[in-house]
Structure formats: structure tokens, C-alpha cells
Amino acid sequence: MASSRGTRAEKVRRIFERFDANGDGGLNREEMTALVVAVNPRVKFSDEQIGAILDEVFRTYAEFIHPDRGLTLDGLLRTYDDGAGDVDRDFDALDLHLPGEAEVAALRGRADGARSSSEGLRRRNPR
Ligand SMILES: [Ca+2]
């Protein structure tokens, strides 16, 4: 499918933004930990295991690591390209939605206001 790559990149970007808690354009160890835990809801990681996973990612993707900010979006995209995770599965596990679906989800989950703080933030910046 010709369009799958674009959709895929968009999904990775959404995942990235969800976990870039301080919005600096990189995923530091703390943010990466949250991501790894969130996309593996059925796995109980020890601190040691998490540490090992992050060491591996930061070593393997050293060229995508910003010294202060951590793993960049390009780096995260690369980890998925390399098969480190399944974009579609992770995307669904995180209950994320692409723009078209988001409106449907908003209609469906109107009572659930807590989850969309980042969406609210975006709406405050009209373009
Ligand atoms: Ca960050």
C-alpha cells in the first residue's frame, strides 16, 4: 500500500508526542520508560529490565539521541522500522487516534475529559 508509510509515520509521531511529556522534542529515559511500560500493558518490568532496554535503545540509536533531550522522533521511527515494536499494535494499545478517527472518538467519549489534555492545548492555538 502506497499510503501505509505516511500513516505509519503519523502514528509514530502521535505516539512520540504522547510521551514527550515536557515537549522538548526528545524522549528522555523517564519518558521512554513510560512508553515502554504503556505499550506492554501485560508485562511487569523490573527496574533492571527497563534499564537494560533503554541502554540498548540509546546505544543502538546513538545517532538519533539528542544529548539533553533523548531519543528524537526520527529515532523512534527508526526503532519501529527495525521491528522493535508494532506501530499499529502500540497505537491501539495507547488508545490513540488519527485525525479523522479523533472526532468520532470525541463524540463517543464525551464524558471522558481527562484523557485529552494535549488536544485541549492544541485547540488553544488557533491558526
Ligand atoms: Ca521530552
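Since every read-out is calculated from the coordinates, none of them should be taken as a lab result. Here the structure is a predicted model, which means the values were calculated and not measured.
The phi torsions of the stretch 69-78, fed into the Karplus equation with coefficients 6.51, -1.76 and 1.60 and a -60° offset, translate into couplings of 9, x, 5, 7, 4, 4, x, 5, 4, 5 Hz, rounded to whole numbers, with Gly and Pro shown as x.
Couplings 3J(HN,Hα) for the stretch 49-63, derived from phi with the Karplus relation 6.51 cos²θ - 1.76 cosθ + 1.60 (θ = phi - 60°), are 5, 4, x, 5, 4, 5, 4, 5, 4, 5, 7, 5, 10, 3, 6 Hz, where x marks Gly and Pro.
Please give the length that would be gained between Thr7 and Ile50 if that part of the chain were fully extended, namely 0.36 nm times their separation in residues minus their C-alpha to C-alpha distance (nm, one decimal). Mind showing how you got there, number by number?
Working: separation 43, 0.36 × 43 = 15.48 nm, distance 2.87 nm.
Gain on stretching Thr7 to Ile50: 12.6 nm.
Note that the stretch 30-43 has calculated 3J(HN,Hα) couplings of 5, 5, 5, 4, 4, 5, 4, 5, 5, 8, 10, x, 9, 9 Hz, one per residue in order, obtained from phi through the Karplus relation 6.51 cos²θ - 1.76 cosθ + 1.60 (θ = phi - 60°); glycine and proline are x.
Normalised size of the stretch 1-83, defined as Cα radius of gyration per 2.2 N^0.38 Å with N residues, equals 1.08.
Taking amide hydrogens as placed 1.01 Å from N in the peptide plane, the amide H of Leu27 sits under 5 Å from those of Leu71, Thr72, each at least 5 positions away in sequence or on another chain.
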